[in-house]
Structures are given as structure tokens and as C-alpha cells.
Ligand code: HPA
């Protein structure tokens with residue numbers, strides 16, 4: 001059995017999964033963090049692997065960029081393969097003055113300009129896509145235990161990387177910490193299927209200062225974020 005986008009048999013994918021946008025990051029996580037990782041899919045070069053972390057089965061799967069792409073993978077992972085705990089691990093643009101380059105952010109909620117919410121709920125309801133509370137609480141406590149500082153709050157999932165209309169200053173005034181392109185779909189689809197989801201980010205660039213990470217800096221903080229996600233994924 002295979003879905004249109006994932007070539008795996010039932011049981012090939014663990015109930016706990018990490019979801020980077022970049023398929024090569026999925027490969028990196030499988031090779032550097034998981035034991036006995038085996039690749040289960042390469043359709044469209046979107047790679048997926050299952051291995052173990054501290055003895056617990058964990059998968060890692062690329063999602064591509066943006067809400068339409070991640071929505072396909074999440075839907076199939078949950079509806080066909082029975083995935084129950086989903087962790088987006090990715091980069092975001094820092095928007096807020098309190099967020100520094102390389103900070104790790106956890107999205108308590110994901111504001112969005114995407115039409116997905118209007119399409120699902122109609123024009124009069126503004127659904128609030130939120131993190132699963134128990135995953136959020138555990139991730140924060142694991143970060144503390146590992147002495148890895150994190151910031152927790154609202155982020156925005158935008159539909160376009162290059163836009164001219166979004167008022168970043170206003171969003172920042174209302175406490176939005178960072179910008180990325182997938183978390184609102186993850187939280188909304190997790191709510192639809194009653195499964196748990198959390199999005200964790202590394203600030204790879206800063207919209208206020210124009211700074212960006214070097215490849216090496218990106219890798220190091222990326223690893224902090226992965227450790228937090230994996231430690232949280234394998235609990236209970
Ligand atoms: N915008 C949208 N998504 C992003 C950004 C950004 O500046 N940085 C990393 N992901």
C-alpha cells in the first residue's frame with residue numbers, strides 16, 4: 001500500500017514523527033540522531049525514514065515548503081499511516097526585537113494569512129490553530145533540562161515567502177515572534193484528526209536587522225531544536 005505521495009507499507013512509519021521541510025534535513029536527522037534508520041519513501045525526492053531514538057520508534061519525513069505541501073504529507077501520515085505525534089522542525093524568520101538570530105522558538109499558536117481557515121470555517125469564524133498543550137509543556141521542560149533556552153509564543157505562517165502586503169510591525173506589536181510557512185496547517189489538521197502536534201523553529205534570519213545565519217551556525221542550532229523535539233517525542 002502506498003499513498004499518492006508516500007511509498008510506505010502500514011507499520012513502516014512510527015506514531016511519532018519529525019517533519020523538516022527539507023528532505024535532506026530528514027536524511028541528516030535520520031543519519032545523525034536515529035539508530036537503525038531505514039528509508040521508507042523517496043517519491044518526489046521527499047525522503048522519509050524510520051529508526052529509533054532511545055529505543056523508541058521515531059520517523060522523520062520531509063514535507064516540502066508551504067501550507068499546500070505540508071498539508072498533503074500530514075493528511076496522509078495521519079489518515080493512512082496512523083501517525084499520532086507530529087513535530088515540525090524548521091527555520092523561521094525572527095520578527096520581534098526580543099528574538100535573536102539562532103534562538104529556538106516554540107509556536108504556542110500559529111496565526112496565518114492562508115485561506116485554509118476560511119475554506120474550512122467560513123468567513124465569520126477565526127479559528128486559532130494552537131499547539132498541543134502537553135507536548136508544549138514537555139518540550140519547554142525538556143529544553144530547560146537540557147539547558148537550551150527557548151522562546152514560546154505566537155508565530156505567523158504565511159502563504160508567500162516574498163510578499164509586500166503583510167504589516168510586520170503591526171504583527172510584532174501584537175506579539176508575533178517569527179514567520180514561517182507551515183505550522184498553521186499542522187495545528188489545524190492535527191485538530192481535525194485529534195492528534196498531537198508541535199512546531200519548533202530555529203531563527204535563521206532576522207527581518208528587523210537583515211542578519212542571516214552561516215551554514216555552520218544553522219547546523220548547530222538546528223541540532224538543539226532536533227534534540228528538544230526527539231526528547232519530547234519519545235516521552236509517553
Ligand atoms: N519568511 C517565511 N518563511 C521563512 C522565513 C521568512 O523570512 N525564514 C525562514 N522561513
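When you work out D = kT/(6 pi eta Rh) for segment 174-236 at 37 °C and 0.692 mPa s, using the Kirkwood radius from C-alpha pairs as Rh and the Stokes-Einstein form, the result is 237 µm²/s. In terms of the mean number of neighbouring beta-carbon atoms within 10 Å, the peptides 227-234, 141-148 order highest first as 227-234, 141-148. The gain in end-to-end length when the residue 42 to residue 118 segment is fully stretched comes to 24.1 nm, 0.36 nm per residue minus the alpha carbon separation. For segment 156-191, the residues whose backbone nitrogen is under 20 Å from a point 7 Å from the Cα of residue 65, taken along Cα to Cβ, are 156-168, 178-186. Rounded to the nearest 500, the helix-only mean residue ellipticity at 222 nm of the chain stands at -10000 deg cm²/dmol, with each DSSP H run of n ≥ 4 adding -39,500 (n - 2.57). When 32, 75, 194, 96 are arranged by Cβ crowding within 10 Å, least crowded first, meaning fewest neighbours, the order is 194, 32, 75, 96.
Given their separation in residues at 0.36 nm each and the Cα-Cα distance between them, residue 170 and residue 215 gain 13.1 nm when the chain is fully extended. Against the empirical 2.2 N^0.38 Å (N residues), the chain has a Cα radius of gyration ratio of 0.95. Set the Cα radius of gyration of segment 9-51 against 2.2 N^0.38 Å, with N its number of residues, and you get 1.05. Placing pseudo-labels 7 Å out from each Cα toward the beta carbon at residue 191 and residue 7 gives an inter-label distance of 3.6 nm.
A short reminder: the numbers here are calculations on the coordinates, not readings from a lab. Every value quoted in this text rests on a predicted model; they were computed, and no experiment measured them. Heads up, the Cβs are rebuilt from the backbone with ideal geometry, glycines too, and the neighbour counts pull from every protein chain shown.
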